[in-house]
Every structure is written in structure tokens, then in C-alpha cells.
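Just below is one structure, and these are the notes that go with it.
The values are calculated or read from the model by the stated rules, or taken from the named source; none is laboratory data. Keep in mind it's a predicted model, so treat the numbers as computed, not measured. Don't worry about glycine lacking a Cβ; one is built from the backbone with ideal geometry, like all the others, and counts go over all protein chains shown. These accessible areas exclude ligands, DNA and RNA; they are computed on the full protein's heavy atoms, side chains included. Shrake-Rupley method; radii C 1.70, N 1.55, O 1.52, S 1.80 Å.
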Amino acid sequence: MITALAGPQDVILGDALNHASIIDGCRLSGATYKTYPHCDTAALAKLLAALDLEGKKGVRLVVTETVFSMDGDLAPLEDIARLCHTHNALLIIDEAHATGCFGPGGHGLAAHLGITPYVTVAVHTLSKALGGFGAFVTGSELVYQYLLNVARPFLFTTALPPATIAAAQAALDLIEQDPSRITELQRKAAFLRTHLKALGFHTLQSETHIIPLLVGESTTALRMAELLREHGLYAVAIRPPTVPMGQARIRLSVMATHTQQDLLFAVNILEKVGKQLKLLQERICGE
Ligand SMILES: *Cc1c(COP(=O)(O)O)cnc(C)c1O
């Protein structure tokens with residue numbers, strides 16, 4: 001999608017923590033790709049203002065995830081959309097972890113905030129909350145027609161199998177029929193996060209169903225995942241280069257179908273293992 005929207009004469013500004021697939025799309029487009037520090041809208045504003053001053057030809061694009069996949073925090077999407085509007089930049093968002101988890105019908109964070117008209121294109125994956133495979137793109141009729149005709153990786157790839165599409169449609173129907181899945185998911189995530197923070201875990205800036213537990217060293221994160229598994233809790237260790245050096249972590253993903261009992265079971269095991277590995281912040285641990 002990015003290769004269809006941007007070329008060598010264009011400039012793309014992206015969040016420093018953008019997913020590898022976004023970075024690769026930007027590289028393939030041949031556009032100049034610059035990053036701004038994670039969620040730093042002041043830095044983004046400066047970069048956009050500098051481009052205005054240069055006054056060079058070419059399109060400006062801003063690209064960001066909405067729910068960040070490894071930190072579980074939210075992009076300051078309203079501010080970013082306002083900046084794009086002011087500086088005449090296209091806004092591309094990757095809703096991979098927001099699809100099915102935020103907004104009416106699970107349409108994502110932009111829909112949740114009511115700013116869809118300010119987004120040029122959104123990418124939604126079927127592989128996360130929808131439990132399927134593949135992805136889709138949403139945008140205006142104009143963008144849709146343009147991508148249909150110009151996006152080479154799409155044009156020259158076989159369409160998804162009908163069964164895969166039917167599964168995705170069924171998943172989307174389920175979310176639309178029962179919007180409480182979304183509110184329940186976020187309520188349960190807040191419940192789990194509150195408990196883990198109270199124990200002294202560092203959950204970064206997470207505000208969503210993705211809850212990282214910062215560990216630091218890769219070896220400790222792997223050891224922790226192993227111990228958790230021995231206790232019956234499956235939680236994945238995430239290490240560099242997926243996350244920055246020294247920021248290895250355990251990444252928890254809450255599901256709408258988790259019961260309070262499930263979540264308390266997890267808290268119990270995480271407390272045990274957290275104490276064993278001395279990961280709980282002192283003030284709480286020493287009580
Ligand atoms: C998982 C993910 C993707 C890729 O989605 P696939 O369905 O695995 O191809 C893209 N962007 C983000 C932010 C993701 O987390």
C-alpha cells in the first residue's frame with residue numbers, strides 16, 4: 001500500500017516504534033523515511049514545519065501504528081491527524097492491534113475517536129483479534145480505486161482463499177452483534193494491568209489489551225517465560241531486535257473470553273515468578 005502511495009520524490013515520517021512491515025514498505029517505496037521519537041507530536045510538528053520551509057515538491061505522509069504492538073500504548077492520533085491536516089500530509093495508520101479491539105464494530109482507534117475522515121488509509125489485519133489470516137485496507141472511494149489500480153503487490157498476488165475470507169466475515173459479524181466484547185476486553189485488560197502494577201511490575205505506558213512486563217535482559221525474559229509455562233501460564237518473551245536493547249519483556253495479551261478467575265490465576269503465577277526473579281519494584285516487594 002505504501003509503495004503505491006509514495007515514491008522517491010516523497011517524504012514519509014514515521015513513529016520510531018513502527019512495525020517492521022511499515023518500515024519495509026517505506027523502504028520499498030524509495031521515499032525518504034524519517035522517524036520521530038515514539039508518540040512525540042512536538043517532534044513530528046517540527047519535522048513537518050521543516051518540510052514546509054523547504055517547499056520541495058512531493059507528497060508528505062505520516063505513518064503510525066494506532067495500538068503499538070509491543071508496548072500496548074496508543075498513538076496520540078487526534079494530535080497527529082490535526083498536524084497532518086494543517087501541514088497537508090497524508091495520514092496512514094496501521095490498526096493491526098486495534099481492529100476488533102476498539103471502536104464501534106471493532107473498526108479501530110480512528111473510529112473510536114471519530115476521526116476516520118482525517119485518515120487517508122488504514123490497514124487492518126485479520127490475524128490478530130479476528131483470529132484469521134490476511135489483511136484489508138480502508139479509505140475513501142478515491143483511495144480505494146487508486147490502490148486497486150496501482151498497488152502492484154496487491155494486483156499481482158492471488159486473492160485470499162474464500163474460506164479465509166468467510167472466517168474473517170464471521171469474526172466481524174460476531175463483533176458487530178455483540179459490542180460488549182470490546183468493552184469487556186478493555187475492562188478485563190484494565191483489571192489485569194491494575195493488579196500487575198500494584199504488584200510492582202513495570203507495564204510501560206500500556207493502556208490496552210497488550211500488557212508488557214518490562215524485564216530488561218533477554219536471558220531473564222526467556223527464563224521468566226519458561227517458569228510461567230511450568231506453572232501453566234503461556235506468555236511470550238519478546239527480545240531485541242523486536243524491542244530495543246535492554247528492554248526485553250514478557251508480553252501478555254488479554255482476550256474478551258478470559259474470565260476473572262483466569263486473570264487472577266495469571267496474577268498469582270506472575271507474582272510468584274516475579275518475586276523469584278526479583279522483578280517486582282522494591283517498595284511493593286518489601287511489604
Ligand atoms: C502483526 C502486525 C502486522 C502484520 O500482520 P500479519 O497479519 O501478521 O501480516 C502489521 N502491523 C502490525 C503493527 C502488526 O502488529
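A compact table of results
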quantity	calculated
Quotient of C-alpha Rg and 2.2 N^0.38 Å, computed over the stretch 148-287	1.31
Loop sites in the stretch 166-217: GluC sites (Glu not before Pro), DSSP, at most 14 other Cβ within 10 Å	Glu217
Peptides ranked, highest mean first, by Cβ atoms within 10 Å: ranges 228-237, 58-67	58-67, 228-237
Nearest 10 degrees, 0 to 90: helix 260-276 Cα axis against the chain principal axis	70 degrees
Inter-centroid distance (Cα atoms) of the stretch 184-210 relative to the stretch 62-106, Å	21 Å
Among Pro162, Ser140, Thr183 - extreme Cα towards positive end, dipole of the stretch 113-250, charges at beta-carbon	Thr183
Estimated FRET transfer efficiency (Asp40, Phe191; beta-carbon r; R0 41 Å; 0.05)	0.85
Calculated [θ] (222 nm, deg cm²/dmol) that DSSP helices of n ≥ 4 give over the chain, each run adding -39,500 (n - 2.57)	-13000 deg cm²/dmol
Accessible area per residue in Å² at 1.4 Å probe, computed on the stretch 180-276	51 Å²
Of Thr99, Thr203, Thr164, the one that fluctuates the most in a GNM where the chain has Cα springs shorter than 10 Å	Thr164
Lys, Arg +1 and Asp, Glu -1 on Cβ, resulting dipole of the chain about Cα centre, debye, nearest 20	540 debye
Options Tyr33, Ala16, Leu53, ranked by Cα towards positive dipole end of the stretch 7-63, top entry (Cβ charges)	Leu53
Relative contact order (percent, whole number), the stretch 180-276, Cα cutoff 8 Å, 6+ residue spacing	31 percent
Lys/Arg +1, Asp/Glu -1 at C-beta; the chain dipole; positive extreme among Cys101, Thr120, Val254	Val254
For the stretch 2-175, convex hull volume per residue from C-alpha positions, Å³	110 Å³
Lys, Arg +1 and Asp, Glu -1 on Cβ, resulting dipole of the stretch 217-287 about Cα centre, debye, nearest 20	160 debye
Residues with amide H under 5 Å from that of Val62, placed H, sequence gap 5 or more	Leu13, Leu90, Leu91, Ile92
Per-peptide average of other Cβ atoms within 10 Å, ordering 154-162, 141-149 highest first	141-149, 154-162
Summed side-chain charge close to Gly106 - residues other than Gly106 whose Cβ falls under 13 Å, Lys, Arg +1, Asp, Glu -1	-3
Tensor-based shape of the stretch 216-287 (alpha-carbon gyration tensor, a/c under 1.5 rounded, otherwise prolate or oblate)	oblate
Cα gyration tensor shape of the stretch 68-161, rounded if a/c is under 1.5, else prolate or oblate by comparing a/b with b/c	oblate
Taking only Cα atoms of the stretch 174-242, radius of gyration then Dmax in Å	14.4, 44
The chain: relative contact order as a whole-number percent, Cα under 8 Å and 6+ apart	13 percent
Centroid-to-centroid separation of the stretch 249-276 and the stretch 12-39 [C-alpha atoms, Å]	33 Å
Reach of Lys128 by Cα under 26 Å, taken over lysines that are not fewer than 8 positions away in the same chain	Lys188, Lys197
